[in-house]
1. Would you confirm whether any residue within segment 231-241 is within 15 Å of the ligand (Cβ to nearest atom) and not in a helix (DSSP H, G or I)?
2. Can you tell me which residue within segment 256-275, out of those that are in contact with a strand residue (DSSP E or B) (Cβ under 7 Å, 6 or more places away or on another chain) and within 13 Å of the ligand (Cβ to nearest atom), is farthest from residue 81 (Cα to Cα)?
3. Please determine, by comparing only the residues of segment 124-133 that are assigned to a loop (DSSP other than H, G, I, E, B) and either free of Cβ contacts under 8 Å to residues at least 24 places away in the same chain or within 16 Å of the ligand (Cβ to nearest atom) (or both), which one is surrounded by the fewest Cβ atoms within 10 Å (Cβ to Cβ).
4. Can you tell me which residue among 207, 253, 246 is over 25 Å from residue 143 (Cβ atoms) and within 16 Å of the ligand (Cβ to nearest atom)?
5. Output the residues belonging to segment 368-398 that are surrounded by fewer than 16 Cβ atoms within 10 Å (Cβ to Cβ) and within 30 Å of residue 214 (Cα to Cα).
6. Could you grab me the full set of residues in segment 140-165 that are surrounded by fewer than 24 Cβ atoms within 10 Å (Cβ to Cβ), within 14 Å of residue 106 (Cα to Cα) and at pLDDT 95 or above?
7. What are the pairs with Cβ atoms under 7 angstrom where one residue, in segment 297-326, is outside the structural domain of residue 264 (by TED's automatic domain parsing) and within 18 Å of residue 127 (Cβ to Cβ) and the other, located anywhere, is within 15 Å of the ligand (Cβ to nearest atom) and not in a helix (DSSP H, G or I)? Sequence gap at least six, or different chains.
8. Name the residues in segment 65-113 that are outside any helix (DSSP H, G or I) and under 30 Å from residue 302 (Cα atoms), would you?
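The values are calculated or read from the model by the stated rules, or taken from the named source; none is laboratory data. Note that the structure is a prediction, hence the values are computed from the model and not measured. Cβ coordinates were reconstructed from backbone atoms using ideal geometry, including for glycine residues, and neighbour counts include every protein chain displayed.
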Ligand SMILES: [Zn+2]
């Protein structure tokens, strides 16, 4: 804690504060000063007397904490939410890939991503890792809503719905990284889809590019039984092993799902310094399996939480993901204390930051950290009383309790309302849905 300045851009006052710092420091009644997108100071309310600010948010009766970090999403897939439910991953992909081929353009990606980011912002998510075609349209969508974004070029072994053959895909990726290295509020990762959509030579080419450009990699791995079969047929081994053999497993790499891992692979992930995005809602809905979070934790693997896309998730709600993470581990192990509530909140905040190489800068309330701050309203009947704030957040709170959201100091949700207008994008998504419905009734797909 440092002393408060005389003035700040924004002051959040009278709040119960969870800093999520190394010591999990709590301030019973405190204030946070935000200036130029960063946290200028925080501390007891008494120390903040007399600070002037252009915006003052009185958070009396509320809880202030770092914004949630969603480490695996395909935001534009709100376009296909609910289109292919009640089936496993392979059947799901077949339907969704056909819809994508017909309807995905930079314009529809932008509209779908705006809706996805709006949903996430309203639910207290201030930063998201997003993998999808036309990432430039996704960057524009994030800028509109004001949410922080980590994204990058997608690599897939066939031409893909963006119509890029492999050599052009490599050129696009390199150019994209060059263009967006300094884009405000945007982090970059290379995003090869998976070991079942890329052969070993192509995975090696991605590794080479990641090393050359010094950009980390985000990839799906060991998600579902169908993937394990496909990878065994194509590579003669498991996803984790082929990713290791091709150099993808390296410090900074973020694996989405990592459900089907044996003990040796878990040790390998820890040794390689790889982080995992756990997506318990998507994993349950698609019958993908239950990730071995207890063993991953014991091995020291960096853990974070993701929602996955809206057509597999189906909502983009990290509060539900937190609760589901607890429930799945408790059921899988028979141990109610296997994943304590405080550690789950840590996965959704500081764990997410560590998973994207932003530990100490995001996912934490501290002087100098990015001003990614949310205010939770604790006054609702379902949150009263609050003995242990972490337990309340994981087992009783929901995204409807998020009242104010700041991302990089910008107020993106005020009193449960988005500050950006999204009417145009909503209409565009509805138009895609109408076209898909018409297609379905005529062609029976
Ligand atoms: Zn995914």
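1. Looking only at segment 231-241, we keep the residues that are within 15 Å of the ligand (Cβ to nearest atom), and these are 239.
From the residues that got through so far, the ones that are not in a helix (DSSP H, G or I) too are none.
Checked against the condition, which is being within 15 Å of the ligand (Cβ to nearest atom) and not in a helix (DSSP H, G or I), segment 231-241 yields no hits at all.
2. Looking at the filtered set, the residue picked out is 258.
3. Residues of segment 124-133 assigned to a loop (DSSP other than H, G, I, E, B): 124, 131-133.
So of that shortlist, the ones also either free of Cβ contacts under 8 Å to residues at least 24 places away in the same chain or within 16 Å of the ligand (Cβ to nearest atom) (or both) come out as 131-133.
Numbers: 131: 25, 132: 24, 133: 21.
It comes out as 133.
4. Working: 207 fails: within 16 Å of the ligand (Cβ to nearest atom); 246 fails: within 16 Å of the ligand (Cβ to nearest atom).
After applying the criteria, what remains is 253.
5. Of everything in segment 368-398, just one residue is surrounded by fewer than 16 Cβ atoms within 10 Å (Cβ to Cβ) and within 30 Å of residue 214 (Cα to Cα), namely 368.
6. Correct list: 140 only.
7. none
8. At the first step, the residues of segment 65-113 found to be outside any helix (DSSP H, G or I) are 65-74, 81-88, 104-105.
If the condition is that a residue be outside any helix (DSSP H, G or I) and under 30 Å from residue 302 (Cα atoms), then 65, 66, 67, 68, 69, 70, 71, 72, 73, 74, 81, 88 are the ones that fit.
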